[in-house]
1. Provide a single number: the residues in segment 292-319 that are touching a residue at least 60 places away in the same chain (Cβ under 8 Å) and not hydroxyl-bearing (Ser, Thr, Tyr).
2. Which residue pairs have Cβ atoms under 8 Å apart, sit 6 or more places apart or on different chains, and have a first residue in segment 505-521 that is of a type in the set (A, V, I, L, M, F, W, C) and a second that is not in a strand (DSSP E or B)?
3. Could you tell me whether THR692 is surrounded by 14 or more Cβ atoms within 10 Å (Cβ to Cβ) and either free of Cβ contacts under 8 Å to residues at least 60 places away in the same chain or not assigned by TED's automatic domain parsing to the domain that holds VAL171 (or both)?
4. Looking at SER417, is it buried (at least 17 other Cβ atoms within 10 Å of the Cβ), assigned to a strand (DSSP E or B) and modelled with pLDDT under 90?
5. Take segment 442-462 and flag every residue that is in contact with a strand residue (DSSP E or B) (Cβ under 7 Å, 6 or more places away or on another chain) and not in a strand (DSSP E or B).
6. Name the single residue, out of those in segment 596-615 being surrounded by 18 or more Cβ atoms within 10 Å (Cβ to Cβ) and not hydrophobic (A, V, I, L, M, F, W, C), that is nearest to TYR544 (Cα to Cα).
7. For segment 738-781, give me each residue that is hydroxyl-bearing (Ser, Thr, Tyr) and under 20 Å from PHE821 (Cβ atoms).
8. What is the one condition in (1) touching a strand residue (DSSP E or B) at 6+ places or on another chain (Cβ under 8 Å); (2) charged (D, E, K, R); (3) under 30 Å from GLN811 (Cβ atoms); (4) surrounded by fewer than 16 Cβ atoms within 10 Å (Cβ to Cβ) that GLU439 does not satisfy?
Amino acid sequence: MNKTLAFGILLLTSLLSFKSIAQTEVKEVAIIGSKSPTQSLVAKEVIITGKVIDKETGQPLEYATIVFFSKAENKIITGGITDANGDFNIPVDTGTYDITIEFISFKTITIANKNINESQNIGSFSLEIDAEALGEVEVIAERTTVELKLDKRIYNVGQDLTVRGGTVSDVLDNVPSVSVDVDGTVALRGNQNVTILINGKPSGLVGLNSTDALRQLPADAIERVEVITAPSSRYDAEGTGGILNIILRRSKLQGMNGAVTLNAGTPTTYGVSGNVNYRTGDFNFFNTSSYNYRENPGNGLSERETFNGDQPSTYFNEYRTSDRIQNGFTISNGVEWYINDSASLTASFVLRNSDNENETSNETFQLDENRDLIRRFVRLSPETESDNTFQYSINFDKQFGGNSQHRLTTDFQYENSAEDEFGVITNDDNPSQRLQTLEDQKRILLQTDYVWPIGDDSQFEAGYRGNFYVLDTDYKLENYINDDFVINTGLTNNLIYTEHVNAAYTQYGSKIKDKFSYLLGLRLEETRITVDQVTTGDFSKRNYLGLFPTLNLSYEITEDQSLTLGYNRRISRPRSRFINPFPSQSSPTTQFIGNPALNPSYSNTVDIGYLSEFGKLTLSSSLYYQKATETFNFIQQGTGDYYFPELDFTISENDPSYGGLAAQYDDEVEVLQSTPINLASNTRIGFEFTLTYRPTTKWNLNGNFNLFQSQNRGDYNGTNFDADNISWFARINSKYTLPGDIDWQTRFFYRGPSEDAQNKRRGMASVDLAFSKDIFDSNASIAFNISDVFNSRVMISETTTPTFQTYGENQWRQRSFNVAFTYRFNQQKREQNRERRGQEGGGEGGEFDDMQFE
């Protein structure tokens, strides 16, 4: 039997997500399941049973294909697949058949001219690995880097050498449409308002500080990243920029299998990570664990000129170095129980613990109008941080009537995170301040989704999600006065932020004539927020109720070309830090303060996508338009408070003693404040494309380009903040197999300049290199990579206001070298289940999108 047909049967019965294959096989299955008129008149139905196992391990093979072919009629009469125990039970009319037993990446067994005249057990069949077929599958998996679906694009990270031994942040920085700046902030198409999910849900793997957490989760734990720029109604409406859904690896192979990675590098980095699965009978146990130690030296500078009206300008320059140490482990354990053929229960927990250190040194120079030195002082800010997260989750999945697309899923998830920070600030070796921040977060998630297929081409879906979130932030600042630390009551505060979101959604999708598909959805979200300012006794409530419609369309022009269109309305709620009215200080002269009057921002987005294959060239492109109201923007302004470096003291100009101090000391510096505000609107229009080209079997090229224009329109406190900005970024990857089967990968990234009403950011370029070699009969591999070869990943910005201008540079992490060794055990057949894992815990709600065009 043709292997393509066998693979098609496997894909269909496993509800695989590759519609291009599924569409061609639906008609074949209809033929397989029918009886010929001749047979029905002369034959009787009997039952044929048997078993299929892996010859090497003795483990049963689930989803193996058994096909009955009639030479007399020159066609397939019927067929079936094996269950979790490797058993098959197939009704067939009496007659003479060629019986084939197949499983992808295994050698086929054929029983020729088998005469079937009664029910019988035809025995147990041991299949051998087909090494040649395995190689073919791996090549296909490497080429299928980006997949286009109705409401998302899927990026498979398994073949990316530059992230081996790295973290999730490294992976995201290599995903088309996604960029990660030097501070670790993730942006999608240049928009930083992105929601990050793990396996379709908020996760304790991210915890309180998503930036730091993403830098600790190992890259090897990731199966794929779903870039969702046009989310359907099954997803939360939060995040105007879109959604990034990170899918972790989980195997379904029988027995024990997994992989372990050791890595080390400079600046000092070392760690170990592993993922292990054990499948036996009706249970599948899985674990992902990692330990990482990472030193991140960084540096930056800020040079500021203050305009003094008719008087000469004065200058205040800060030069910063930082040494950050991340030291932590993550454990994710779980078990799946296959209760019966139609129901399963999955329970898992996540434990994340890290003890981090951060020592920042600020060397400050105060200059007069002639740029002559007035004073130099050094500020040290050592800080320790402990971060602990525990998350427990349980999932129940029930299928109805033997149709795995007709299903009900329910989820419960509880998370508790605590992050404690302690620091002591010294100026010129003298104690100045002592800081303490205690954060405690509790989150409960309730979710249920029901999917009902209607006929062969339509599907109805409905569901509920409840997110219940409480964050308690206790911040204490003490000033060193008269040889003792005294609480600064003006900055010390305790904020309790509570957010409850209840949501219900429904959506309906259908296909018309195998060419046109549509998905219509509507989501209702009710948000209740309370802000309890314990320190001041202020208490406020806010309620938001909104409808969020979605529309996703897809049209298959030809087998190699398709168009998609998506529309959605979304919301961005202000974070607790954004509305906390008490300032936090990053230096004596700059601070951040929240805005309790901040309103949520709403956006409407239209996205048009096009996918085409031209031989060895694949093009994926999209044109998008977004209109957002009440957008969050950060402005810098003077506070009216002045810092006296000689005294290491800050005082308001309205304080009665300010005049005397200003007369005595002429080196005071106004404290600058950054705060979020709601501007009237933001309009963003852009175009992006991803090209993949494979000129030879040894060389693979892909590139991503994104060009967008952003327009801000709004006024605040009598100041106009209108700004027009055109920016772009590009990424090029080249992977080539050198002699000796050494893989060489080069990545180039460039982010173009950008600006708004107050700030200009220069362009930034970087180059990464990686080399990899499989060893030990391809059971292991060793990879060496260089991140930021030219040490050029530096963010340079300029800020201009009527009273001052600043020039700043920031390099979060310097050039690094890393070597990683990975050993895989019992994974030589890993690719055979790569496709089937697409339906395992990867998305939210139903799977209508899995029926769409590739």
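1. 14
2. ILE512/ASP457; LEU519/LEU150; LEU519/ASP151; LEU519/SER232; LEU519/PHE848; LEU519/ASP849
3. Values: surrounded by 14 or more Cβ atoms within 10 Å (Cβ to Cβ): yes; either free of Cβ contacts under 8 Å to residues at least 60 places away in the same chain or not assigned by TED's automatic domain parsing to the domain that holds VAL171 (or both): yes.
Yes.
4. On the way: buried (at least 17 other Cβ atoms within 10 Å of the Cβ): yes; assigned to a strand (DSSP E or B): yes; modelled with pLDDT under 90: no.
The answer is no for SER417.
5. If we filter segment 442-462 for residues that are in contact with a strand residue (DSSP E or B) (Cβ under 7 Å, 6 or more places away or on another chain), which is where we start, we get 442-454, 457-462.
Passing the criteria: only ASP457.
6. Just the residues of segment 596-615 that are surrounded by 18 or more Cβ atoms within 10 Å (Cβ to Cβ), to begin with: 598, 600-603, 605, 607, 609, 611.
Next, from what is left, pick out any that are not hydrophobic (A, V, I, L, M, F, W, C): 600-603, 605, 607, 609.
Values: PRO600: 9, SER601: 11, TYR602: 11, SER603: 15, THR605: 20, ASP607: 26, GLY609: 32 Å.
Selected residue: PRO600.
7. Keep residues of segment 738-781 that are hydroxyl-bearing (Ser, Thr, Tyr), which gives 746, 750, 754, 766, 772, 778, 781.
Those that are hydroxyl-bearing (Ser, Thr, Tyr) and under 20 Å from PHE821 (Cβ atoms): SER772, SER778, SER781.
8. (4)
The values are calculated or read from the model by the stated rules, or taken from the named source; none is laboratory data. Please read all numbers here as calculations on a predicted model, not as lab measurements. Note: ideal-geometry Cβ built from the backbone for every residue, glycine included; neighbour counts use all protein chains shown.
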